[in-house]
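Working notes, structure below.
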Amino acid sequence: RFEAALQEAQQVDRLLQEGPADEYLEEKFPLLGVPITVKEAFALHGMPNTSGLVSRRDVVAASDATVVSRLKQAGAIPLGVTNCSELCMWYESSNRVYGRTSNPYDLQRIAGGSSGGEGSALAAACSVIGVGSDIGGSIRMPAFFNGIFGHKPTTGVVPNDGQFPNARGVRTSFLCTGPMCRYAEDLEPMLRVMAGPGVNKLKLDEKVSLEKIKFHCMDHDGGSVFVSPVDKEILQAQKKVVEHLEGELGVQVQRVTIHKMKYSFQIWSAMMSSKDSDGQEAQLFTDLLGDHGKPVWPLWELLKWLVGMSSHTLPAIALGLTEKLMKLNPGGNAKLVSMGKSLQEEMEALLGADGVLLYPSHPTIAPKHNSPICMPFNFAYTAIFNVLGLPVTQCPLGLSSEGLPLGIQLVAASYNDHLTLAVARYLEETFGGWVLPGKV
């Protein structure tokens, strides 16, 4: 919507020339004139809202999602919408509507998903700030692969209304809408606007003393058979963070081993498919694939895909098949849900009012296109924190030997988003934050 955006920018110019004092404008329009992009899964008036589903190709949003409306009211100017994976349930942003999004640091690499278009557009300096959503790492993985900041807020603070697909049943506790941007200082003002009245649940006005934070560190999940080992350069980057915190802040970073993290993928899967407190079943992914039209049979779609006849992507079909298998073991799922609740209690107790956990954002640096299908469960490193409901900030840590972004997750107890945001700002100063693609 470039033409409309330019007209809105001209209106801002006129307002600044003729209008009231700067202090008034800053208070009323904290994001006045700031260009933003929005993940295509969110309704942005007049823009497509397909979520990469071919059957929704002609769907155009007639209104704005709540967070989009709030950002516009704060003065932000949307440039357009950005690509995502089919139905936002895969960590490579590719679909049969728009095609594939690439990583600006290396076009042979993925941009991540499902907010991959957002991560790529921000890293390439196309827009300044962006809107993402995250039910298994969909803000943090693209932020990591593209070397930018992304924040998954504490669950239930920022409204999810106006996106497709939206969460239903138990998943409403796991889906989070949050900010993505190149500079750490932009996370907080964006979060304030997006949260609206919900911001009162957070402690964003509390001054954070970094020396008083109790830092904890885990290098990996304990060796899950479903997940790749953590890349050496990611471990080295995390080690540098620990050394810097201990050397410069004088804090003691406590190494911890949380055994249940080894079952992150299984816990996430079981909790995603569990019933909510009212006994409502989680919505089936295959129902979403059909978008309330004809039912989609994953096995039949797989056969069609093999001969180039399916309108769905292979990851979406595979997820539909996996979902069927999950239903075959209700007893095992119940045990995993119970393990998840126990892990949540353990994490809240460990982190308390002043704790931050350092944890890898992903076991590998941005993989090459299509390769995630070989290691489909690597998103477990981000997904576990969705079902635990904890706030997490992904923070870039410079580039690898191949010129690809490195990063780290900063995790705090519920409603302590201010701690991870403060540490992200500090690490940006130390490690340089976002690096312009092609600069090195």
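Rounded to the nearest 0.05, what FRET efficiency do ALA21 and GLU402 have when you use their Cβ-Cβ distance and R0 = 56 Å? Once rounded, the FRET efficiency stands at 0.65. A cut-off of 5 Å between modelled amide H atoms, ignoring neighbours fewer than 5 places along the same chain, links VAL392 with LYS152. Each residue of region 131-142 was assigned a 3J(HN,Hα) from its phi angle through the Karplus curve 6.51 cos²θ - 1.76 cosθ + 1.60 (θ = phi - 60°); the sequence is 9, x, 9, 8, 10, x, x, 5, 8, 6, 5, x Hz, with glycine and proline shown as x. Remark: spin-label model distance ALA353-CYS374 equals 5.0 nm, labels positioned 7 Å along the Cα→Cβ axis.
For PRO30, what is the net charge nearby, where nearby means another residue's Cβ is under 13 Å from its Cβ and Lys, Arg count +1, Asp, Glu -1? Result for the local shell: -3. All other residues whose Cβ lies under 12 angstrom from that of GLY340 are scored, Lys and Arg at +1 and Asp and Glu at -1, for a net of +1.
Estimated from helices alone, the mean residue ellipticity of the chain at 222 nm is -10500 deg cm²/dmol (sum of -39500 (n - 2.57) over DSSP H runs with n ≥ 4, per residue).
Residues GLU429, GLU246, GLU185, ordered by accessible area of protein heavy atoms at a 1.4 angstrom probe radius and largest first, appear as GLU429, GLU185, GLU246.
In this rough spin-label picture, where each label sits 7 Å from Cα along the Cβ direction, the GLN252-GLN11 distance is 5.8 nm.
The stretch between GLU243 and LYS439 holds 67.9 nm of extra length on full extension. This uses 0.36 nm per residue minus the Cα-Cα distance. Ranked by the mean number of other Cβ atoms within 10 Å per residue, highest first, peptides 173-179, 154-160 order as 173-179, 154-160.
Solvent-accessible area of the chain (1.4 angstrom probe, protein heavy atoms only): carbon and sulfur portion equals 54 percent.
Normalising the average separation of contacting C-alpha pairs (under 8 angstrom, six or more residues apart) by the number of residues puts the relative contact order of region 136-240 at 22 percent.
Average accessible surface for region 365-440: 30 Å² per residue, computed with a 1.4 Å probe over protein heavy atoms with every protein chain in place. For CYS176, the residues whose amide H sits under 5 Å from its own are ASP134, ILE135, ignoring neighbours fewer than 5 places away on the same chain, with H placed 1.01 Å from N. Here the Karplus curve 6.51 cos²θ - 1.76 cosθ + 1.60, taken at θ = phi - 60°, turns the phi angles of region 73-84 into couplings of 5, 7, x, 5, 10, x, 8, x, 10, 10, 5, 9 Hz, with x standing for Gly and Pro. What the phi angles of region 348-353 give under the Karplus curve with 6.51, -1.76 and 1.60, with θ = phi - 60°, is a coupling list of 4, 5, 5, 7, x, 7 Hz, glycine and proline written as x.
Placing a label point 7 Å from the Cα of LYS232 along the Cα-to-Cβ direction, the residues of region 391-424 with a backbone N closer than 13 Å are 401-402. Computed from Cα atoms alone, the Kirkwood hydrodynamic radius reported for region 319-425 is 15.9 Å. Contact order, relative form, for the chain: 19 percent (alpha carbon pairs under 8 Å, 6 or more residues apart, mean separation divided by residue count).
Compare the Cα positions of LEU187, GLY117, GLY247 along the charge dipole of the chain (+1 at Cβ of Lys, Arg; -1 at Cβ of Asp, Glu; about the Cα centre) and return the one farthest towards the positive end. Result: GLY117, furthest along the dipole toward the positive end. Among the listed pairs LYS201/LYS368; LYS368/LYS439; LYS240/LYS260; LYS260/LYS368; LYS28/LYS439; LYS262/LYS368, which have their C-alpha atoms separated by more than 32 angstrom in this model? Cα-Cα > 32 Å for LYS201/LYS368; LYS28/LYS439; rest within.
The values are calculated or read from the model by the stated rules, or taken from the named source; none is laboratory data. Being a predicted model, the structure only gives us computed values, none of them experimental. Don't worry about glycine lacking a Cβ; one is built from the backbone with ideal geometry, like all the others, and counts go over all protein chains shown. Ligands, DNA and RNA are stripped out before the accessible areas are found, and what is left, the full protein with its side chains, is counted by its heavy atoms. Shrake-Rupley method; radii C 1.70, N 1.55, O 1.52, S 1.80 Å.
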